[in-house]
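Written below as structure tokens is the structure these notes are about.
The values are calculated or read from the model by the stated rules, or taken from the named source; none is laboratory data. This one's a predicted model, so the numbers in the text were calculated from it and none came from an experiment. Ideal geometry is used to build each Cβ from the backbone, glycine not excepted, and the neighbour counts take in all protein chains shown. Calculation scope for accessible area: heavy atoms of the full protein, side chains included, ligands and nucleic acids excluded. Shrake-Rupley method; radii C 1.70, N 1.55, O 1.52, S 1.80 Å.
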Amino acid sequence: AKGDLKKSTAIGVVLAAVVVSLIMSVCNPVLSTSGLQVALWGSFALGTVYSLPPFRLKRHPLLAAFCIVAVRGTIINAGFYSHALSAAFSATKEAAAGFGVLHCLLNDWKCAFSSLFFGVFGIVIALMKDVPDADGDRIFDIKS
């Protein structure tokens, strides 16, 4: 519901979620893998430059679409796929290295296919996400 959440409350919720998720991923070496790190930190980094000044890439349609497709198509899918493989099938750190994100993307057709499949959905989301935001975009001088 538009306007029900104060800006200060929203900032607090987002900061708490970021801090808790990133700290948990770093401080728990048993449950954390390189794939999980890529998914969390990559989503955080692109989400931040997408939304916040001075970058605010959502003002630029092509850069905004790139962020959405990269996060939804590649970073999240390949990161969590790598994390699942590593967590389920590797008993040592050396074995886990064989399940890196780039290794999964380049050598596992299921990972590459799912990233491509969800990348297409990312394109649709990138194209359609601004339709309901047209009024807000005009207010904040964002070309959608």
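Using alpha-carbon pairs under 8 Å, 6+ residues apart, how would you state the relative contact order of the chain in percent? Can you show the working numbers first?
Numbers: 140 pairs, mean separation 36.2, N = 144.
Computed over the chain, the figure is 25 percent.
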Beyond 15 Å, what share of the Cα-Cα pairs of region 1-86 is found? Please give it as a whole percent.
65 percent
Tell me which cysteines of the chain come out unpaired when the rule is another cysteine's Cβ under 4.7 Å.
27, 67
For residue 55, the residues 5 or more places away or on another chain with a placed amide H closer than 5 Å to its own amide H are none
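With charges only on Cβ, +1 for K and R and -1 for D and E, what is the dipole size of the chain about its Cα centre, in debye, rounded to 20? Spell out each step's value before the answer.
Details: 12 positive and 8 negative charges, 50 e Å.
So the dipole magnitude of the chain works out to roughly 240 debye.
I'd like to verify something in the chain: which complete DSSP H helices, judged by Cα projection on the helix axis, reach 20 Å or more and average at least -0.5 on the Kyte-Doolittle scale? Working shown, then result.
On the way: long enough: 7-27 (29 Å, 2.10); 34-51 (25 Å, 0.90); 109-128 (28 Å, 1.85).
In the chain, the long hydrophobic H runs are 7-27, 34-51, 109-128.
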Towards the positive end of the charge dipole of the chain, with charges on Cβ (+1 Lys, Arg; -1 Asp, Glu), say which of 139, 42, 60 has the farthest Cα.
139
Pop out the carbon and sulfur fraction of the accessible area of the chain as a percent, whole number, probe 1.4 Å.
73 percent
